[in-house]
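**Student:** Questions regarding the structure given below will be posed in turn.
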Ligand code: SAM
């Protein structure tokens with residue numbers, strides 16, 4: 001198979017599929033209640049891609065070189081019968097890996113079903129261990145215990161678990177060290193994510209970002225760490241190992257050390273629009289094609305055209321001004 005590459009020679013290897021735009025959390029930096037309130041118009045069911053449509057488009061992406069699929073949302077575990085979709089995806093020949101990103105609140109009773117369906121790994125988002133603080137961040141009354149129980153069940157089910165923590169200045173700076181200590185003890189990889197300027201509703205600016213350098217400096221006061229070589233070209237997280245252990249800690253430096261040059265990721269939002277960048281403003285409507293008479297070959301041709309003409313490198317080019325003025329879609333819609 002010839003490798004499908006874009007204008008900068010980046011191959012298309014990963015696909016993120018958002019299966020739903022709804023979430024049961026209202027994290028203040030992602031889906032603030034003032035905007036995503038009771039009257040917010042989420043997508044009606046018929047606008048979401050069906051499992052059959054997701055399976056078909058996933059197969060076409062895999063035929064064009066995608067090796068890994070990650071399911072996300074919104075909160076993907078709110079999508080009814082998600083294990084049925086995972087079973088379908090797990091049968092796709094050539095697909096090497098299926099992962100899921102979740103807030104973990106519904107994971108404890110889903111973990112085994114997800115694993116049995118063919119899921120390999122799960123990334124659980126958790127921004128604080130302090131109960132009051134975590135509840136104030138997710139603004140939905142869910143305490144960290146419920147997420148920690150989900151993590152525990154996922155491990156017991158045999159899923160590979162990583163924890164993602166978004167760090168925002170003034171929000172959870174004080175949790176950087178306690179989170180590291182807790183997950184080091186648990187032998188689970190924690191990854192710190194720099195707060196990004198996705199969407200229009202999170203009031204982002206550079207002053208709210210705590211960079212990898214700052215987090216690393218703070219951690220270094222408490223832990224000895226050694227750098228780990230990337231597992232593959234284009235690995236997003238920069239990883240370190242706590243000395244004398246097998247436990248790693250990672251950093252997703254989307255703001256301070258962007259990684260557009262090695263970005264191999266395509267994205268499909270819950271309504272079937274394809275985006276080639278998390279910071280894109282416009283997507284290409286594959287739902288319309290999937291619901292038309294178009295053949296697989298014709299749809300593949302469309303994917304080829306989009307990827308081969310791709311030139312985005314938003315994070316490399318980000319400035320305070322571009323972050324302020326560019327129209328961007330919400331993280332909850334495109335899927336983080
Ligand atoms: N509901 C799922 C979850 O919580 O993991 C999946 C979707 S959520 C949008 C995916 C990830 O994006 C979460 O870890 C969330 O914290 C992160 N996220 C949301 N807004 C962000 C931002 N502005 N900067 C960095 N990460 C963000």
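**Student:** Which residues, counting only those in segment 166-187, are buried (at least 20 other Cβ atoms within 10 Å of the Cβ), over 13 Å from residue 130 (Cα atoms) and free of Cβ contacts under 8 Å to residues at least 60 places away in the same chain?
**Tutor:** 167, the sole residue that qualifies.
**Student:** Examine segment 58-70 for a residue that is within 16 Å of the ligand (Cβ to nearest atom) and in contact with a strand residue (DSSP E or B) (Cβ under 9 Å, 6 or more places away or on another chain), and state whether such a residue exists. Walk me through how you get there before you give the answer.
**Tutor:** Of all residues in segment 58-70, those within 16 Å of the ligand (Cβ to nearest atom) come to 69-70.
With in contact with a strand residue (DSSP E or B) (Cβ under 9 Å, 6 or more places away or on another chain) added as a condition, the list becomes 69-70.
Looking for residues that are within 16 Å of the ligand (Cβ to nearest atom) and in contact with a strand residue (DSSP E or B) (Cβ under 9 Å, 6 or more places away or on another chain), one finds at least one in segment 58-70, hence yes.
**Student:** If a residue must be more than 28 Å from residue 269 (Cα to Cα) and part of a helix (DSSP H, G or I), how many such residues does segment 199-223 contain?
**Tutor:** So the answer is 10.
**Student:** Do any strands (runs of 3 or more DSSP E) lying entirely in segment 86-181 carry at least 2 residues that are closer than 30 Å to residue 58 by Cβ and more than 13 Å from the ligand (Cβ to nearest atom), and which ones are they?
**Tutor:** Values: elements: 97-102, 121-125, 160-167.
Passing ranges, in order: 97-102.
**Student:** Another question, if that's okay. Does residue 261 count as away from the ligand (no atom under 16 Å from the Cβ) and loosely packed, with under 13 Cβ neighbours inside 10 Å?
**Tutor:** It is true that residue 261 is away from the ligand (no atom under 16 Å from the Cβ) and loosely packed, with under 13 Cβ neighbours inside 10 Å.
**Student:** Given (1) buried (at least 16 other Cβ atoms within 10 Å of the Cβ); (2) touching a residue at least 24 places away in the same chain (Cβ under 8 Å); (3) over 22 Å from the mean Cα position of the chain (by Cα), where does residue 245 come up short, assuming only one miss?
**Tutor:** Looking at each condition in turn, residue 245 falls short on (1).
**Student:** Looking at segment 206-237 only, could you name the residues that are touching a helix residue (DSSP H, G or I) at 6+ places or on another chain (Cβ under 7 Å) and within 16 Å of the ligand (Cβ to nearest atom)?
**Tutor:** Residues satisfying the conditions are 206, 210, 215.
Computed from the coordinates by the stated procedures, all read-outs in this text should not be read as laboratory data. Keep in mind the model is a prediction, meaning the values are calculated, not measured. FYI the Cβ positions are ideal-geometry reconstructions off the backbone, even for glycines, and counts take in every protein chain you see.
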